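The block underneath contains the structure these notes are about, expressed in structure tokens.
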Amino acid sequence: MTAQTIAERQGLGPKSQGMLAGAGINTITQLRRLGSVRAYAKVKATGANARLNLLWALEGALTGLPWQVVAREHRLSLLLALEALNGDA
């Protein structure tokens, strides 16, 4: 069985896919292992011009929620997790 590609996930368009590929994230399995916050941080570490909408879309790809719902209902927890990951807490 082959791993599901990022392109097969709703909400992750070509630009997002390119940024993820640049960070070495090409499959949903890789994204699941990292989680949305670590995947977003990995993309940012490449120097990509990633916005927070990418974080919302990554979480949406993992949970099946539209990115707009993620941004509205999970924004704070994701931002706190990102801050903790970056050591800013």
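The values are calculated or read from the model by the stated rules, or taken from the named source; none is laboratory data. Quick caveat, the model's predicted, so the values are computed rather than measured. Cβ coordinates were reconstructed from backbone atoms using ideal geometry, including for glycine residues, and neighbour counts include every protein chain displayed. Ligands, DNA and RNA are stripped out before the accessible areas are found, and what is left, the full protein with its side chains, is counted by its heavy atoms. Shrake-Rupley method; radii C 1.70, N 1.55, O 1.52, S 1.80 Å.
So the values come out like this:
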item: Accessible area (Å², per residue) of the chain, counting only protein heavy atoms and a probe of 1.4 Å; result: 60
item: Heavy-atom accessible surface of region 22-89: percent carbon and sulfur, 1.4 Å; result: 51
item: Rough spin-label spacing in nm, given labels placed 7 Å along Cα→Cβ, for A45 and T27; result: 2.0
item: Structure-based [θ]222 nm, the chain - -39500 (n - 2.57) summed over DSSP H runs of at least 4, per residue, nearest 500; result: -19500 deg cm²/dmol
item: Hull-based mean projected area of region 1-77, where the convex hull spans the alpha carbons, in square nanometres; result: 4.7
item: Two-site label geometry, T63 and N86: point separation in nm, points 7 Å out along Cα→Cβ; result: 2.0
